[in-house]
Amino acid sequence: QVQLVESGGGLVQAGGSQRLSCAASGGVFSINAMGWYRQAQGKQRELVATITDLAFTNYSDAVKGRFTISRHNAKNTVYLQMNRVKPEDTAVYYCYAEIWRPPSTTYRDYWGQGTQVTVSS
């Protein structure tokens, strides 16, 4: 019943900016960490950035200094601000969240469907 809905993907020129959003819905009671992963053609899925409920952040070396992750806890939403994008940023970006929802007694991982980001050179 929990769903993560992503938005903001599309085509962007190298050097430009794009913002991704992901909202969790479906009777969510508590969210611990949220974040973004990405998977490029021919590569494994990799971490982009994560953010905890207390706003501690973690970034991959590939995006550090260019991307910023943030969240609006009251809206169960996480954002990824992508600045100075590069062609190598082209990938499907997946939202994830660690969510507690009854009747589960623990936090579980949930994933969005993914949104394509294509950076043109």
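Evaluating Val119 against the criteria (1) touching a helix residue (DSSP H, G or I) at 6+ places or on another chain (Cβ under 6 Å); (2) open to solvent by 80 Å² or more (accessible area, probe 1.4 Å) leaves one unmet condition, (2). Evaluated against (1) closer than 16 Å to Ser7 by Cα; (2) within 13 Å of the chain's Cα centre (by Cα), Lys75 falls short on exactly one condition, (2). Within the stretch 62-86, residues that are under 28 Å from Ser30 (Cβ atoms) sit with their Cβ atoms under 6 Å from residues that are part of a loop (DSSP other than H, G, I, E, B), at 6+ positions apart or across chains, in these pairs: Asn76/Val28. Which one is most open to solvent (accessible area, probe 1.4 Å), of the residues in the stretch 44-61 that are without any contact (Cβ under 8 Å) to a residue 12 or more places away in the chain and part of a loop (DSSP other than H, G, I, E, B)? Among those that are without any contact (Cβ under 8 Å) to a residue 12 or more places away in the chain and part of a loop (DSSP other than H, G, I, E, B), it is Gln44.
Checking Leu11, Leu20 one by one, the residue that is in contact (Cβ under 8 Å) with a residue 40 or more places away in the chain and surrounded by 13 or more Cβ atoms within 10 Å (Cβ to Cβ) is Leu20 and no other. Within the stretch 92-116, the set of residues being without any contact (Cβ under 8 Å) to a residue 24 or more places away in the chain, over 16 Å from the mean Cα position of the chain (by Cα) and either loosely packed, with under 11 Cβ neighbours inside 10 Å or closer than 20 Å to Ser17 by Cβ (or both) comprises Pro103, Thr105, Thr106.
The set of residues in the stretch 71-82 being open to solvent by 50 Å² or more (accessible area, probe 1.4 Å) and within 15 Å of Leu20 (Cβ to Cβ) consists of His72, Lys75, Gln81.
Could you list, in sequence order, all residues of the stretch 99-121 that are in a strand (DSSP E or B) and either under 10 Å from Val2 (Cα atoms) or touching a Lys or Arg at 6+ places or on another chain (Cβ under 9 Å) (or both)? Scanning the stretch 99-121 gives Ile99, Trp100, Arg108, Tyr110, Trp111, Val117, Val119.
What do you reckon, is Arg66 within 21 Å of Gln18 (Cα to Cα), of a type in the set (Lys, Arg) and open to solvent by less than 40 Å² (accessible area, probe 1.4 Å)? Break it down into steps so the answer makes sense when it comes.
Working: within 21 Å of Gln18 (Cα to Cα): yes; of a type in the set (Lys, Arg): yes; open to solvent by less than 40 Å² (accessible area, probe 1.4 Å): yes.
Spelling it out, Arg66 is indeed within 21 Å of Gln18 (Cα to Cα), of a type in the set (Lys, Arg) and open to solvent by less than 40 Å² (accessible area, probe 1.4 Å).
Suppose the filter is open to solvent by 20 Å² or more (accessible area, probe 1.4 Å) and either in contact (Cβ under 8 Å) with a residue 40 or more places away in the chain or out of contact with any Phe, Trp or Tyr (no Cβ under 8 Å at 6 or more places or on another chain) (or both); does Asp89 pass it?
The answer is no for Asp89.
The values are calculated or read from the model by the stated rules, or taken from the named source; none is laboratory data. If you're wondering where the values come from, they're calculated on a predicted model, not measured in any experiment. Quick reminder, even Gly has a Cβ in these numbers, built from the backbone with ideal geometry, and neighbours come from all protein chains shown. Note: areas computed on protein heavy atoms with side chains; ligands, DNA, RNA excluded. Shrake-Rupley method; radii C 1.70, N 1.55, O 1.52, S 1.80 Å.
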